[in-house]
Amino acid sequence: MAPAASLALLALAILGSVHCQFERERVPDARRDQTDEACFEKVMDIFFVLDSSTSIYVNDFKQERQFVRDVVARLDVNPRSTRVGVLTFSDDIERPTLGLNQNPQKSDVLASVNEQNLPYRTGITNTDQAIRYVRENTEFRQDITKVIVVVTDGGSRSPGATAREAEMAREAGFYLFVVGVGQYLDEREWRAIASDPDDSFIYNITNFRYLDSVKYSLPPRACALPPIIVGGYCGVQQPADLYFVAAPGGTQDAIQLIDNFIERSDDESDSLRISYIIDVCQNAENVPLEDVGNFCDRFSLVEEADVDTYSGLLARMRALSRRNQANREAKQVAVLFVDDESMRLNRFGIVNEARNAEQYDGIELVVVDLGVRGFSNFVQSMAANRNNVVRFLSGSLNAQRTVQKMLLDRSCEAINRFDFSPDPNK
């Protein structure tokens, strides 16, 4: 009887182990309000980034999904307060993701975090691609708290690229939490991803089972974060003449970027005069800091550019600058929006005219690369101050808010810089 009893006990133990291993994931009861008191009416967009690479076991990945549900249960999820997005990644991003606009209510989010929508995958750990996908997501609301929660067990395939993407996300106004799970000993990458201070934004736990402990501390910590207002601000501090120059191929992008500059600038002493050297702008020389729509027809059809178009605009700018300098003492600054078509047509003439504007007319140039392909070295050589070259990638400008802020900063620094020399060695 003793051996039989022992076998029975062993069988029960095995069945219990199997039951625990394949225990169904638990969906918090949306009818029972578990919202943390710090999160009531918190206006926030939060995106969970879940590692589903080969080093994550399938049961550990189930723990990741359960962690998301447990955190969401403690947030005030609705269209006016907190919205939630979720993605999984390994070699690539699992699509479609759970978008911020997809599930307006908490019960919708809880029901959507399941194996069908967020399946277990395998592959390498391309964390940089996941962070970039979230950073470039156009569903995020502006000027509110934006949070990315990265759940991972270890190092990414490209730590340098991951660190750069995280830095760009922080510059774009995101807070980044890292929930580091496992025995990955080199925490440098976690620190490179997470916002500062590390002890507030990194959870380093040893086992996926302990994710349960984070669900209580992360929601109030995230909900207490204030919005990071990005985009910058420019206050004009001295008399300046500012020239915006764009050829037909760059007109629409230029108008959009000028809108951002006007919106975020202030000229309390009426010291700034603006001239729009753009074909769609009429009676637009030496005008005040006002809505660009008062001077430029953004919906006007632009004429086709030829070999002399951009160099002609620069010559027109230089002539106007000389007249202005004869009438008053003011800093001379030009923002040149450079498009691919213009550089293909006459890159040598454009570079020569730009250099002459700085050397002979004393105009400090801020050069804006609007996705020029193949001639980036020419664009870089247009400005004496290499820091005054701002590069946008081809595609949507809205997804490049960090670069927009850089353009505002560089333009503002040029306007307020007292001394300017076209000789980079001075």
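The values are calculated or read from the model by the stated rules, or taken from the named source; none is laboratory data. Everything numeric in this text was worked out from a predicted model, so none of it was measured. With ideal geometry, Cβ positions are generated from the backbone for all residues, glycine too; neighbour counts draw on all protein chains shown. Side chains included, ligands, DNA and RNA excluded: accessible areas come from the protein's heavy atoms. Shrake-Rupley method; radii C 1.70, N 1.55, O 1.52, S 1.80 Å.
Work through the residues other than LEU225 whose Cβ is under 10 Å from its Cβ and net out their charges, Lys, Arg +1 and Asp, Glu -1. All intermediate terms of the calculation are to be shown ahead of the outcome.
On the way: positive: LYS42, LYS146, ARG221; negative: none.
Neighbourhood net charge equals +3.
Counting other Cβ atoms within 10 Å, which trypsin sites (Lys or Arg not before Pro) in region 326-383 have at most 15 and lie in a DSSP loop? Let's see the in-between values first.
On the way: sites: ARG328, LYS331, ARG344, ARG347, ARG355, ARG373; in loops: ARG328, ARG373.
Passing both the DSSP loop test and the Cβ count: ARG328, ARG373.
For ARG323, ARG80, ARG209, ARG121, give me the order by solvent-accessible area with a 1.4 Å probe, most accessible first, ignoring ligands, DNA and RNA. Don't jump to the answer; show the numbers that get you there.
Values: ARG323 125, ARG80 185, ARG209 150, ARG121 50 Å².
So, going from the largest accessible area down, we get ARG80, ARG209, ARG323, ARG121.
Can you give the local net charge around ASP291? Use residues other than it whose beta-carbon is closer than 15 angstrom to its beta-carbon, Lys and Arg +1, Asp and Glu -1.
Every neighbour counted, the sum reads -4.
So what J values fall out for region 125-137 if you push phi through Karplus, 6.51 cos²θ - 1.76 cosθ + 1.60 with θ = phi - 60°, rounded to Hz, Gly and Pro as x?
My calculation for region 125-137 gives 9, 8, 5, 4, 5, 5, 5, 4, 4, 5, 4, 8, 5 Hz in order.
By how many nm would the segment from GLN142 to ASN114 lengthen if fully extended, with 0.36 nm per residue of separation less the alpha-carbon distance? Please list the in-between numbers first.
Details: separation 28, 0.36 × 28 = 10.08 nm, distance 2.89 nm.
Full-extension gain reported as 7.2 nm.
Compute the FRET efficiency between TYR233 and THR206 as 1/(1 + (r/R0)^6), taking r as their Cβ-Cβ distance and R0 = 35 Å, and round to the nearest 0.05.
On the way: r = 44 Å, r/R0 = 1.27.
Efficiency, rounded to the nearest 0.05: 0.20.
Using the Cβ atoms and a cut-off under 10 Å, what net charge is assigned to the surroundings of SER156, where Lys and Arg are +1 and Asp and Glu are -1?
On the way: positive: ARG157; negative: ASP51, ASP128, GLU165, GLU189.
That sum, taken over residues with Cβ under 10 Å, equals -3.
For helix 2-21, what angle does its Cα long axis make with the longest principal axis of the chain, in degrees from 0 to 90 and rounded to 10?
20 degrees
Apply the Karplus parameterisation 6.51 cos²θ - 1.76 cosθ + 1.60, with θ equal to phi minus 60°, to every residue of region 285-302 and state each ³J(HN,Hα) to the nearest whole Hz, in sequence, with x for glycine and proline.
Running phi through 6.51 cos²θ - 1.76 cosθ + 1.60 with θ = phi - 60° gives 10, 6, 9, x, 6, 9, 3, 4, x, 6, 10, 10, 8, 5, 9, 6, 6, 9 Hz.
Quick check: from the Cα gyration tensor, does the chain come out rounded (a/c under 1.5), prolate or oblate? Don't skip to the answer; put the middle values down first.
Numbers: a/c = 3.00, a/b = 2.57, b/c = 1.17.
It is prolate, given that a/c is not under 1.5 and a/b is the larger ratio.
So which chymotrypsin sites (Phe, Trp or Tyr not before Pro) in region 296-396 end up in coil per DSSP with only 13 or fewer other C-beta atoms within 10 Å?
PHE299
Note the per residue figure in Å³ for the convex hull of the C-alpha positions in region 294-385. All intermediate terms of the calculation are to be shown ahead of the outcome.
Details: hull volume 10.4 nm³, N = 92.
It comes to 113 Å³ per residue, whole-number rounded.
Using 0.36 nm times the number of residues separating SER158 and ARG188, minus their current alpha carbon distance, what extension gain do you get? Please list the in-between numbers first.
Details: separation 30, 0.36 × 30 = 10.80 nm, distance 1.29 nm.
Stretched out fully, the SER158 to ARG188 stretch lengthens by 9.5 nm.
Measuring from a point 7 Å past the Cα of ARG298 along Cα-to-C-beta, which residues in region 242-259 have an amide N at less than 14 Å?
Residues 251-259 fall inside that zone.
How high is the FRET efficiency from THR122 to ARG322, r the C-beta distance, R0 56 Å, rounded to 0.05?
On the way: r = 66 Å, r/R0 = 1.18.
Step by step, r from the Cβ atoms, then E = 0.25.
Over region 60-131, what is the mean sequence separation of C-alpha contacts under 8 Å (at least six apart), divided by residue count, expressed as relative contact order in percent? Before the final figure, lay out each step's value.
Details: 81 pairs, mean separation 25.7, N = 72.
Worked out over region 60-131, it gives 36 percent.
About the Cα centre of the chain, what is the dipole size in debye to 20, counting +1 per Lys and Arg Cβ and -1 per Asp and Glu Cβ, all else neutral? Please list the in-between numbers first.
Values: 46 positive and 63 negative charges, 168 e Å.
Charge dipole of the chain: 800 debye, to the nearest 20.
Restricting to the chain, compute how many DSSP beta bridges are antiparallel as a %, nearest 5. Before the final figure, lay out the partial values.
Details: 4 of 57 bridges.
Taking every DSSP beta bridge with both residues in the chain, the antiparallel ones total about 5 percent.
Using the heavy atoms of the protein chains alone and a 1.4 angstrom probe, what is the accessible area of the chain per residue in square angstrom?
Numbers: 20020 Å² over 426 residues.
Value for the chain: 47 Å² per residue.
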